[in-house]
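J.: Please see the structure below; I have some questions.
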Amino acid sequence: MIVAGRIIYAAIMMAAVVAAVWLSRGRQARLGLTVWQRVMVGLGGFTGAFLAAKLPFFLSYVVDGDWPAVLSGRALFSDGKTIMLGLAGGYAGVEFGKWYSRVKVSTGDSFAVSIPVAVAIGRLACFTNGCCHGIATGLPWGVDFGDGIARHPTQIYESLFHLGCAVVLASLRRDGMLTGQLFKLYLVVYSIYRFATEFIRPEAKLWGGWTGYQWAAVVMVGVFGALWWAQARTGQRDVDAVG
């Protein structure tokens, strides 16, 4: 049963990756990037997202002094990851890939629909796996994830949220609105959403009664809001088509 669950989880996650690649391929081509540049941008985004998503869990092994797990790599490839930091790390990884391959155009809008769709699909994997659920609830749509307690299906809430973002961002991109800023808009809005929904998630409370994810959300709103302001001030825009 556990093996079947892992296979289903991996299959859904793979579907999320395929959807992201398929939905972004046309937009990437219209940016006028070479194959090498597209590979570097994609590799940078994937690597940054993977490392950032695993960072809190990797550090937990370090704090616990489990050096065999750290040195063997088991800490990096064990269960557990955070989508929130993964998105931020993916953004940083793309920027590094652009710098390395000398890409001068903004690429964020090309990911503004594909990434929300991928995350929406990925959250379905969390639902089938029974992880990332919410606190107990008496609402009729509460789900028992195996412990006999009906809980908020926060994975489904978030999946619907990301799908909604994809629809809105696709509309904005089609109409040429907020050109060059759509992915930052997505990250800011998601951070606000995540801050709010942490109140129905069973995460450990840190300073001020907020969870680590809520503090991360505040930082992300500040960072990506500042990037948005700085780029809008200098007039940096996405190159929608070349040739």
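J.: Can you classify the chain as rounded, prolate or oblate using the Cα gyration tensor, where a ≥ b ≥ c are the square roots of its eigenvalues, rounded means a/c under 1.5, and otherwise it's prolate if a/b beats b/c and oblate if not?
T.: prolate
J.: If packing is taken as the mean number of other Cβ atoms within 10 Å per residue, what is the order of 127-134, 34-41, highest first?
T.: 127-134, 34-41
J.: Also, I was wondering about something else. Starting from the Cα of residue 205, draw a straight line to each of the lysines and keep only those under 28 Å, dropping any in the same chain fewer than 8 residues away.
T.: Within the straight-line cut-off, residue 205 pairs with 54, 81, 184.
J.: Next question. Using a Gaussian network model of the chain whose springs link C-alpha atoms within less than 10 Å, name the residue from 23, 187, 206 with the highest mean-square fluctuation.
T.: 206
J.: Would you pull out the residues with amide H under 5 Å of residue 150's amide H, same chain only if 5 or more places away, H placed 1.01 Å from N?
T.: Under 5 Å from the amide H of residue 150 lie the amide H atoms of 137, each far enough along the sequence or on another chain.
J.: Using modelled amide H (1.01 Å from N, peptide plane; none on Pro or chain starts), what sits under 5 Å from the amide H of residue 211, excluding residues fewer than 5 places away?
T.: Under 5 Å from the amide H of residue 211: 206.
J.: Could you derive backbone 3J(HN,Hα) for segment 187-193 from the dihedral phi with the Karplus parameters 6.51, -1.76 and 1.60 (θ = phi - 60°), listing whole Hz in sequence and x where the residue is Gly or Pro?
T.: 5, 5, 5, 5, 4, 5, 4
J.: ³J(HN,Hα) across segment 133-144 via Karplus (A = 6.51, B = -1.76, C = 1.60, θ = phi - 60°), whole Hz, x for Gly/Pro?
T.: 7, x, 7, 4, 9, x, 5, x, 9, x, 10, 8
J.: Then there is this: Would you grab the residues whose amide H sits under 5 Å from the one on residue 180? Only those 5+ places off in sequence or on another chain, please, with H modelled 1.01 Å from N.
T.: Residues meeting the criterion, in which the H sits 1.01 Å from N, are 109, 238.
J.: Could you give the size of the charge dipole of segment 16-156 about its Cα centre, using +1 on the Cβ of each K and R and -1 on the Cβ of each D and E, expressed in debye and rounded to the nearest 20?
T.: I would put it at about 780 debye.
J.: Mind ranking 177-184, 100-107 by how tightly packed they are, going by the mean number of other C-beta atoms within 10 angstrom, highest first?
T.: Put in order of decreasing packing, that is 177-184, 100-107.
J.: For the chain, with the dipole built from +1 on Lys and Arg beta-carbon atoms and -1 on Asp and Glu ones, taken about the Cα centre, which of 65, 115, 143 lies farthest toward the positive end?
T.: Going by the Cα projections, it comes out as 115.
J.: Moving on. Would you mind ranking 198, 203, 95 by Cβ crowding within 10 Å, fewest neighbours first?
T.: Ranking 198, 203, 95 by Cβ neighbours within 10 Å, fewest first, gives 203, 95, 198.
J.: Relative to the present Cα-Cα distance, how much length would full extension add between residue 230 and residue 22 at 0.36 nm per residue of separation?
T.: 71.8 nm
J.: Taking other Cβ within 10 Å of each residue's Cβ, how do 109, 144, 66 sort, fewest first?
T.: Neighbour counts put them in this order, fewest first: 144, 66, 109.
J.: Another one. With each label point set 7 Å from Cα along the Cα-Cβ vector, what nm distance links residue 67 and residue 157?
T.: Placing both labels 7 Å beyond Cα along the Cβ direction yields 4.2 nm.
Throughout, read-outs are computed from the coordinates displayed, never taken from laboratory work. Keep in mind that this is a model prediction, so the values were computed, not measured. Glycine also receives a Cβ, built like all others from the backbone with ideal geometry; neighbour counts cover every protein chain displayed.
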